[in-house]
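The values are calculated or read from the model by the stated rules, or taken from the named source; none is laboratory data. A quick note: this is a predicted structure, and the numbers were derived from the prediction, not measured. With ideal geometry, Cβ positions are generated from the backbone for all residues, glycine too; neighbour counts draw on all protein chains shown. For accessibility, only protein heavy atoms count, side chains too; no ligands or nucleic acids. Shrake-Rupley method; radii C 1.70, N 1.55, O 1.52, S 1.80 Å.
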Amino acid sequence: MTSVQDKIQAIGIAADHGGFVLKKYLMKMLKDSGYEIIDFGNKELISFDDYPDYVIPLANAVSNGTVSRGIAICGSGVGACIVANKVPGVRACLIHEEFSTRQGVEDDDMNLICLGGRVIDDALALKLSGIFLAAKFIDLERHTRRLAKITELENLQKLKYGN
């Protein structure tokens, strides 16, 4: 895990019923490690809730800088990833292994990870969260060039659809 002094802002977390138990575990463990955690819900286990209701506010908070990074959890992680990436400025990825967790931040400035609460266990989720939170973007020309192309696409979408 990263040290508390490396943390610049709060970490946001959100989950539906498929990720609720894992979210509660991660919140406790990350708080115990010194992170400030903002819970975007769901705050109680409701078996028929919908991940967009929690992931969209989390993604908006990542996009506008209210939180520095986000963790979204649903049953598989797929739905959370799809909806998070609809928010301009969010670079979310479904994460289930270490290499992509680190590389996604270092090369692609990933700012939100999506986990499958029914796919990975608590220990792996905690390990991946720690890698994600400790990783830093490597500001190389090729990385910033690629990110500029993504931002250009987002800006074109805003113009086209008025978002």
Just checking, how many residues over the stretch 138-150 are open to solvent by 50 Å² or more (accessible area, probe 1.4 Å), touching a residue at least 24 places away in the same chain (Cβ under 8 Å) and within 16 Å of Ser63 (Cα to Cα)? 1
List the residue pairs whose Cβ atoms are under 7 Å apart, where the first residue sits in the stretch 24-49 and is touching a residue at least 40 places away in the same chain (Cβ under 8 Å) and under 20 Å from Asp121 (Cβ atoms), the second is part of a helix (DSSP H, G or I) and not hydroxyl-bearing (Ser, Thr, Tyr), and the two are 6 or more positions apart or on different chains. Tyr25/Asp122; Leu26/Ala125; Leu26/Leu126; Met29/Leu126
Would you check if Ile150 is part of a loop (DSSP other than H, G, I, E, B), over 12 Å from the mean Cα position of the chain (by Cα) and either at pLDDT 95 or above or not acidic (Asp, Glu) (or both)? no
So, Thr66, is that one modelled with pLDDT under 95 and hydroxyl-bearing (Ser, Thr, Tyr) or not? no
Of all residues making up the stretch 117-147, the number that are modelled with pLDDT of 95 or more, part of a helix (DSSP H, G or I) and basic (Lys, Arg): 1
Could you please find all residues in the stretch 121-130 being open to solvent by 20 Å² or more (accessible area, probe 1.4 Å) and not charged (D, E, K, R)? Ala123, Leu124, Leu126
All conditions in (1) touching a Gly at 6+ places or on another chain (Cβ under 9 Å); (2) outside any loop (DSSP other than H, G, I, E, B); (3) open to solvent by 60 Å² or more (accessible area, probe 1.4 Å) are true of Cys114 except (3)
Within the stretch 96-107, the residues that are farther than 15 Å from Ser68 by Cα and touching a helix residue (DSSP H, G or I) at 6+ places or on another chain (Cβ under 7 Å) are Glu98, Thr101, Arg102, Asp107
Within the stretch 67-90, which residues are closer than 26 Å to Leu156 by Cβ and of a type in the set (Gly, Ala, Ser)? Gly70, Ala72, Gly79, Ala80, Ala84, Gly89
